[in-house]
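Scroll down for the structure; my scribbles are underneath it.
Any read-out appearing in this document is the output of simple, stated calculations on the displayed coordinates, not a laboratory observation. Keep in mind the model is a prediction, meaning the values are calculated, not measured. Reconstructed Cβ throughout: ideal geometry from the backbone, glycine too, with neighbour counts over all protein chains shown.
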Amino acid sequence: VKVGDTTVDIAEARNAGAWAVAVLDSGNAIGRSASDFAALPDSEKLRLRAIAKAELRDADYVIETLAELPAILRDIDGKLRMKSFASRSPGL
């Protein structure tokens with residue numbers, strides 16, 4: 001799993017065959033410090049997130065903050081376990 005906040009990070013994940021997770025709110029795609037971003041009106045936050053999401057669209061997952069990462073890692077783990085199980089179980 002590669003976690004990043006730029007298109008280069010996402011490309012690196014793709015090139016390595018890794019899952020790509022893009023982080024928006026504290027990232028380069030937003031272009032603001034965490035404190036500056038937090039001080040923005042909600043409408044501006046939504047606008048900047050939409051732009052960043054479009055820029056980082058090739059990621060497998062796009063999250064707003066790192067607080068969401070544990071749930072994403074659990075989801076990826078579950079997918080990998082299912083894939084492993086399916087490869088060992090004929091007919092699935």
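Brief remarks on what is shown
- Take each peptide in 29-37, 75-83, count the other Cβ atoms within 10 Å of every residue, and average; sorted highest first, the result is 29-37, 75-83.
- Structural descriptor for the chain: relative contact order 27 percent, calculated from alpha carbon pairs under 8 angstrom and at least 6 residues apart.
- Calculated mean residue ellipticity at 222 nm for the chain: -16500 deg cm²/dmol, from DSSP H runs with n ≥ 4 weighted as -39500 (n - 2.57), summed, divided by the residue count and rounded to 500.
- Full extension of the chain between ASP75 and ALA18 gives 19.1 nm of extra length, using 0.36 nm per residue less the Cα-Cα distance.
- Sequence-distant lysines (8 or more away, or on other chains) whose Cα lies within less than 17 Å of LYS45: LYS53
- The angle between the Cα long axis of helix 42-55 and the longest principal axis of the Cα atoms of the chain comes to about 50 degrees, rounded to the nearest 10.
- The local environment of ILE30, defined by Cβ-Cβ distances under 13 Å, has a net charge of -1 under the rule Lys, Arg +1 and Asp, Glu -1.
- Only one item in (1) 3, 14, 25, 26, 19, 10, 4, 1; (2) 3, 14, 21, 19, 16, 11, 7, 4, 3, 2, 1; (3) 3, 11, 13, 13, 11, 8, 7, 6, 6, 5, 4, 4, 4, 3, 2, 1 matches P(r) over Cα pairs in 5 Å bins from 0, in percent derived from the coordinates shown, and that item is (2).
- By the rule of a C-alpha distance below 15 Å, with chain neighbours fewer than 8 residues away ignored, the aspartates and glutamates paired with LYS2 are GLU12, ASP58, ASP60, GLU68, ASP75, ASP77.
- Protection-proxy order for peptides 18-25, 65-72, each taking the mean of Cβ atoms within 10 Å per residue, highest first: 18-25, 65-72
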